[in-house]
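Here the structure is laid out as structure tokens; the discussion comes afterwards.
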Amino acid sequence: MSRWGDGENAADIVQQQRDFFCTGVTKDVAFRVAQLRTLKRAIAEHQSDIVDALKRDLNKPEFEAYGTELIVFREIDYAIKHIKSWTKPKPAQIPIEQFPARAKIYPEPLGVVLIIGAWNYPFQLMISPSVGAIAAGNCAVLKPSELAPHTSHLVADIVQKHFNPAYITVIEGDVETSQQILGQKFDHIFFTGSEPIGKIVMAAAAKNLTPVTLELGGKSPCIVDADINIEYTARRIAWGKFLNAGQTCLAPDYLLVNRAVKKELLNSLKKHIREFYGDHPATSPDYARIINQKHFNRLVGLLQAGEMITGGETDAASCYIAPTIIDRVSWEEPVMQEEIFGPILPVVEYAEITEAIATVNARPKPLTLYFFSRNQKLQERVLQETSSGSITINDTIMQAIVPSLPFGGVGNSGIGSYHGKASFDTFSHHKSVLKKSFLFDPNIRYAPYKGKLPLLKRIFGLN
Ligand code: NAD
């Protein structure tokens, strides 16, 4: 059994996987389906352990553990259902001068891939990309985040118990371990984490010309127009923001709200926070905790801004920060400068949608953008005039669980995407294949070229 700490180094583990990949076993679609079924069984078997580990790492409520982490179960089913059509070579059109011939695109596995995860959804962020890696026929090394140690150990145990380490294995560890692994040559690196570390990963990958997928974060805006259903808007924003205590890459980072509805919206947000978590969220079984003291201290620092509308209570011993809304913040304050990644919702008002769009466009392209409005013209304007990894209109977070929608960032929020077919594509090379026949062999392309140029020009439409 190869596992980090058993005296093996990263180079040995990658070599073992390379040898296994070279046997061709993983190219067999039946093998991939069997492995996906094994993964499904393993998750089903360990569901209470997974819930327990997430509780210990993040005080994650059981419902959220199922709704946002064990939901990968569905991702596995989706892959099993579609793998036959995904792996089938796709016919491609050919231009007339190639006749008689056939062109096809063959998806083939990349080889040995590395998957590095973040701590906020520590189970899902390891397993969901693994589904794509398996479906596409790769071997994989998984490196979970050391900041969610219980889940990291559990993922390692589950994988060790159910998979051949020469096929899939977990290497646990901190930054140093991560750097040692990144020193190896992989055929793809899939990284979920912060922008600064994304740059480090990309630089390490560049040394081996290894392609990367970077699933990063940033400040995702939530624009609220005046033409809305206040109740639903507030409820959906409060849920998306305070889920996992705000430690969600897709959480609405800040509110850009039309001045005409701001007061009403803030009142409704307060009401829904109370309905979700009671008068004392610290005692609610449905409210998570900040991952560690370092992040707790960082977030407490962000509270020193604007005018507190609700929340602000903290408890260092339990890494608790109440669901908090802060109005009248300025863009110069740290809360508006960095990704919040915690249960603090700053509010900025606008008068005209043009202003809100300009505010978004003056900043790096976000991972996602939320827009609440009934007005279809405005919906279309926001969609057309801004750029972000995704947009959800009139809800939050839900775009991430539609398997037919690729999930990923753009610009500073990431490179590449996954989920559903996009995961399969991310971990595949799409090989172009042209098959010619021996039926005949027109000699126009061969020298001597004298007298042949007019025909070539006619073929190109250049006369
Ligand atoms: P992080 O970048 O600090 O760490 C991510 C991973 O990188 C961890 O496994 C860590 O061990 C490793 N790592 C850290 N420093 C490293 C270094 N110097 N060299 C090599 N590896 C290193 O991110 P995090 O704090 O775990 O997660 C928070 C960030 O992740 C936020 O920005 C959030 O928006 C983002 N995120 C994005 C998504 C997404 O799907 N787009 C999902 C979750 C989180």
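Annotations
- From phi via Karplus (6.51, -1.76, 1.60), per-residue ³J(HN,Hα) for region 226-238 in Hz, x at Gly/Pro: 7, 8, 9, 8, 4, 4, 5, 4, 4, 5, 5, 5, 4
- Computed from label points 7 Å out along Cα-Cβ, the spacing between Glu333 and Asp279 is 2.7 nm.
- Note on the chain: with charges restricted to the Cβ of Lys and Arg (+1) and Asp and Glu (-1), its dipole about the Cα centre is near 2580 debye.
- Cα-based shape type of the chain, given that a ≥ b ≥ c are square roots of the gyration tensor eigenvalues and the cut on a/c is 1.5: oblate
- For the residue pairs Lys55/Lys143; Lys263/Lys294; Lys271/Lys377; Lys219/Lys263; Lys104/Lys207, alpha carbon separations beyond 26 Å are given by Lys263/Lys294; Lys271/Lys377; Lys104/Lys207.
- With a simple spin-label model that places each label point 7 Å from the Cα along the Cα-to-Cβ direction, the separation between Val300 and Leu434 comes to 6.6 nm.
- The chain - percent relative contact order, Cα under 8 Å, separation 6 or more: 18
- Efficiency of FRET from Cβ geometry, Gln384 and Asp77, R₀ 35 Å, rounded to 0.05: 0.50
- Once each of the trypsin sites (Lys or Arg not before Pro) sitting in a DSSP loop with at most 16 other beta-carbon atoms within 10 Å is removed, the chain keeps 1-184 as its longest stretch.
- If R0 is taken as 22 Å, the Cβ-Cβ distance between Met202 and Gln180 corresponds to a FRET efficiency of 0.80.
- Span from the region 33-109 Cα centroid across to the region 148-201 one, whole angstrom: 19
- Under the simplified labelling scheme, the Asp12-Asp286 pair shows an inter-label distance of 5.0 nm, with each label point 7 Å from Cα along Cα→Cβ.
- The region of the chain that goes longest without hitting one of the chymotrypsin sites (Phe, Trp or Tyr not before Pro) in a DSSP loop, each with at most 15 other Cβ atoms within 10 Å, is 1-330.
- For the chain, the longest site-free run once GluC sites (Glu not before Pro) in DSSP loop states with at most 11 other Cβ atoms within 10 Å are removed: 1-331
A short reminder: the numbers here are calculations on the coordinates, not readings from a lab. Note that this is a predicted model, so its numbers are computed, not measured. Every residue, glycine among them, receives a Cβ derived from its backbone with ideal geometry; neighbour counts consider all protein chains shown.
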